[in-house]
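The values are calculated or read from the model by the stated rules, or taken from the named source; none is laboratory data. Nothing here was measured: the structure is a model prediction, and the numbers come from that model. With ideal geometry, Cβ positions are generated from the backbone for all residues, glycine too; neighbour counts draw on all protein chains shown.
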Amino acid sequence: MDGRQQIQPHTRGHTTSASMDEISIKQSPSPTTFMPNQWRWWFMVALNIFFLLAGQTAATLLGRFYYDQGGNSKWMATVVQTAAFPILFIPLFLIPSSPTTTNAATAAFHPPVAKLAVIYTVLGLIIAGDNLMYSYGLLYLPVSTYSLICATQLAFNAVFSYLLNSQKFTSLILNSVVLLTFSAALLGIGSGSEDSTNIPKEKYPLGFVLTLGASATYSLILSLMQCTFQKVQKKETFSVVLEMQIWTALVATCASSVGLFVSGEWKSLKGEMHGFAKGRVSYVMTLVWTALSWQLASVGVVGLIFVVSSLFSNVISTLALPVVPIFAVIFFHDSMDGVKIMAILIALWGSISYIYQNYLDEMKAKKAVAASET
């Protein structure tokens, strides 16, 4: 994820009444303005960080576990990435209302429902295709390699932000793009060193290309969502972000379900369940917990956007990527040779460069706001 005012791999939203949600998240609210007790603010931050890290890591590992134990339906793996979106209604309804707004004119603005429906449908279909590419990538790559390639979404995001969102292309961002590109190139060159009995080596190039394409598409989705917030919604609040996630996830789930039936993969699901190495109950629970894990990560993302800022939310999302290869080595015995270690270090340095640039941008924005208030 990028460090701008955007949202993570599975965050969507829609419009709602101007009540609880009109707290602007364009800037980070201070602990004292969001909650009277500072410890409660820190508790909420820590809780949402846990949701994001645990959800994103568990979902990726469970996706690999599904394939390793005999699962083979790419469409089913795609469906579960958005199917648990109804649980997002819980934070949507439980967050307390706010009687005031930062901009009454903006808060009262409601874009045409028909225009929003078209936007959410198009975004949902793109998300479904993007999730399918991720499913293929996870099938054909070791989970550690898959996660490292996903880190290139920062580089793609910088490019799309420059083209679509008027993002400045600074030396730090250029450094990030170059380093993340080198990291991905190292993984591509080092494909021969991958050793996994469950993954055909001849499928590695396809998995590499599809995962890279999925990362680029995901970055495009983020920029398109940002355009929607700025030019159509004209605001970026808790409910707007969360409802966009809900409605686009609904469209993506429906599209993926159609793909599951049209492709004929649904016919093999019963045999797949009976042939699952860990048993039928484990098969069902793997799919259920994968779906819940993705949405748990989404709750963490939206929670951090609301409690702190979108910058902080995306920073945590990015830092979660290097966590997955560590668990992949432990649970799936993925190889961790010198090439992959170098790719991790380069990806981390590229990510830090990108994050630091966004930190500088936010500090500059805060100083400008402070100066205007004096």
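Here Val284 passes the criteria (1) surrounded by fewer than 18 Cβ atoms within 10 Å (Cβ to Cβ); (2) modelled with pLDDT under 90 except the one numbered (2). Could you give every pair whose Cβ atoms fall below 6 Å, whose first residue belongs to region 45-74 and is in contact (Cβ under 8 Å) with a residue 12 or more places away in the chain and at positive phi, and whose second residue is surrounded by fewer than 20 Cβ atoms within 10 Å (Cβ to Cβ) and of a type outside the set (Phe, Trp, Tyr), counting only separations of at least 6 or pairs across chains? So the pair list comes out as Gly70/Gly275; Gly70/Ala277.
Restricting the search to region 112-162, which residues are of a type in the set (Val, Ile, Thr), over 16 Å from the mean Cα position of the chain (by Cα), surrounded by fewer than 20 Cβ atoms within 10 Å (Cβ to Cβ) and within 20 Å of Leu220 (Cβ to Cβ)? So that I can check it myself, show each step before the final result.
If we filter region 112-162 for residues that are of a type in the set (Val, Ile, Thr), which is where we start, we get 113, 118-119, 121-122, 126-127, 143, 145, 149, 152, 159.
The next check asks that each one be over 16 Å from the mean Cα position of the chain (by Cα); those that pass are 113, 118-119, 121-122, 143, 145, 159.
If we keep only those that are surrounded by fewer than 20 Cβ atoms within 10 Å (Cβ to Cβ) too, we end up with 113, 118, 121-122, 159.
Across region 112-162, the qualifying residues are Val118, Thr121, Val122, Val159.
Residue count for region 166-179 under the criterion of being modelled with pLDDT under 75 and buried (at least 20 other Cβ atoms within 10 Å of the Cβ): the result is 1. The single condition among (1) crowded, with 22+ Cβ neighbours inside 10 Å; (2) at pLDDT 75 or above; (3) touching a Leu at 6+ places or on another chain (Cβ under 9 Å) that Phe208 does not meet is (1).
If you check Asp361 against the conditions, is it modelled with pLDDT under 80 and either in contact with a Leu (Cβ under 6 Å, 6 or more places away or on another chain) or under 27 Å from Leu62 (Cβ atoms) (or both)?
Details: modelled with pLDDT under 80: yes; either in contact with a Leu (Cβ under 6 Å, 6 or more places away or on another chain) or under 27 Å from Leu62 (Cβ atoms) (or both): no.
In short, no.
For region 33-54, indicate whether the set of residues that are outside any loop (DSSP other than H, G, I, E, B), in contact with a Ser or Thr (Cβ under 7 Å, 6 or more places away or on another chain) and modelled with pLDDT of 90 or more is non-empty. No: region 33-54 contains no residue that is outside any loop (DSSP other than H, G, I, E, B), in contact with a Ser or Thr (Cβ under 7 Å, 6 or more places away or on another chain) and modelled with pLDDT of 90 or more.
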